[in-house]
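Chemist: Could you have a look at this structure, given as structure tokens, before my questions?
The values are calculated or read from the model by the stated rules, or taken from the named source; none is laboratory data. As the structure is a computational prediction, the values presented were derived from the model and not from experiment. Cβ: placed from backbone, ideal geometry, glycine included. Neighbour counts: every protein chain shown.
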Amino acid sequence: MLKALIWDVDGTLAETERDGHLPAFNQAFAEAGLPWRWSEPLYAELLATTGGKERLLAWWRQVDPAAAARPDALSRIAALHAAKTAIYTGRVAAGAVALRPGVARLLGQARAAGAALAIATTTTRANVLALLQATLGPDSPAWFAAIVAGDDVARKKPAPDVYQAALAQLGLPPSAALAIEDSAIGVTAARDAGLPVLLTRSAFGPPSPGMPPVLADLDGLGDDDGPAAGGRTPQGPWRGRVGWGDLLRWHAAGPTGPG
Ligand code: XBP
Ligand code: MG
């Protein structure tokens, strides 16, 4: 029986990578006087390293390995990342990032059905709270019985740690919950925690040959002004607006095969 939805944030609740993180990284580079500028195609590759601090260090090692090996490298990364987080939360609070279609509707339906909600993300906690408050209202973080962020666990996605921590806080086995993810890395993390997954592909969440099976593989949740299309579910091709009843049905049916 489905009792909880565990949401990824970046790419799933909103197109935060494209509309929030990437511009914030580039603004932080400019303000720090660094010559670095990340394009969208480059950023798509850099997303293979999850976590902003880890992504910065991986990049620095590529472009200037000697500087990245110096003893002060980690503290410089931490300062650059703190500046990026301040820029990101400012952009989000100013309304630069909207929820993806259908997210608010499905959250409301799940709450009305008495389901628990949780967040399992790689990003920084301040970013999650800023996004929820700006898009769903100041009280919305309290809707979530668990919010597990990247720095709360030892290993970021694709490790299952954030999902395992969210399940522990919910007090539920993985079979009683469903993860909503946008990327192959996120699907791997959720599946390795034993969770069934609904995939809603994002701007930076392309298909991956090694991705574990999912309950449904859609291009979004769909909303009144634009139903989700291009999806595959246990019942075959699918188009429409994902509702709580669909999740109950897909959850009962189980994964469809390689995603
Ligand atoms: C999201 C991430 C994050 C963000 C940046 O992955 O990898 O690192 O890009 O956030 P997922 P921070 O959606 O799978 O959780 O800079 O705050 O780390
Ligand atoms: Mg994501």
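Chemist: Pick from Thr123, Thr188, Thr135: which is within 10 Å of ligand 1 (Cβ to nearest atom), buried (at least 17 other Cβ atoms within 10 Å of the Cβ) and in a helix (DSSP H, G or I)?
Modeler: None of the others qualify; the one that does is Thr188.
Chemist: Would you confirm whether any residue within the stretch 200-210 is over 25 Å from Ser175 (Cα atoms), assigned to a loop (DSSP other than H, G, I, E, B) and among the charged types (D, E, K, R)?
Modeler: no
Chemist: Being farther than 26 Å from Ala24 by Cα and away from ligand 1 (no atom under 16 Å from the Cβ), is that true of even one residue in the stretch 145-153?
Modeler: First pass over the stretch 145-153, keeping only residues farther than 26 Å from Ala24 by Cα: 145-146.
Filter again for away from ligand 1 (no atom under 16 Å from the Cβ), leaving 145.
Among the residues of the stretch 145-153, at least one is farther than 26 Å from Ala24 by Cα and away from ligand 1 (no atom under 16 Å from the Cβ), which makes the answer yes.
Chemist: Sort out which residues of the stretch 185-200 are out of contact with any strand residue (DSSP E or B) (no Cβ under 7 Å at 6 or more places or on another chain) and near ligand 2 (Cβ under 10 Å from one of its atoms), and write them in order of number.
Modeler: Hits for the stretch 185-200 are Ile185, Gly186, Ala189.
Chemist: Could you grab me the full set of residues in the stretch 41-70 that are within 21 Å of Pro207 (Cα to Cα), touching a residue at least 24 places away in the same chain (Cβ under 8 Å) and of a type in the set (Val, Ile, Thr)?
Modeler: Thr50
Chemist: Please indicate, with yes or no, whether at least one residue in the stretch 52-73 is out of contact with any helix residue (DSSP H, G or I) (no Cβ under 8 Å at 6 or more places or on another chain), closer than 20 Å to Ala154 by Cβ and either surrounded by 15 or more Cβ atoms within 10 Å (Cβ to Cβ) or at pLDDT 95 or above (or both).
Modeler: yes
Chemist: Out of Leu178, Leu167, which single residue is crowded, with 21+ Cβ neighbours inside 10 Å, closer than 24 Å to Arg249 by Cβ and either touching a Leu at 6+ places or on another chain (Cβ under 6 Å) or polar (S, T, N, Q) (or both)?
Modeler: Exactly one residue qualifies, and that residue is Leu178.
Chemist: Right, another one. Condition check: modelled with pLDDT of 95 or more, more than 23 Å from Leu247 (Cβ to Cβ) and among the basic types (Lys, Arg). Does Arg91 satisfy that?
Modeler: On the way: modelled with pLDDT of 95 or more: yes; more than 23 Å from Leu247 (Cβ to Cβ): yes; among the basic types (Lys, Arg): yes.
It is true that Arg91 is modelled with pLDDT of 95 or more, more than 23 Å from Leu247 (Cβ to Cβ) and among the basic types (Lys, Arg).
Chemist: For Lys84, only one of the following conditions fails: (1) within 12 Å of ligand 1 (Cβ to nearest atom); (2) over 20 Å from Trp38 (Cα atoms); (3) in a helix (DSSP H, G or I). What is its number?
Modeler: (2)
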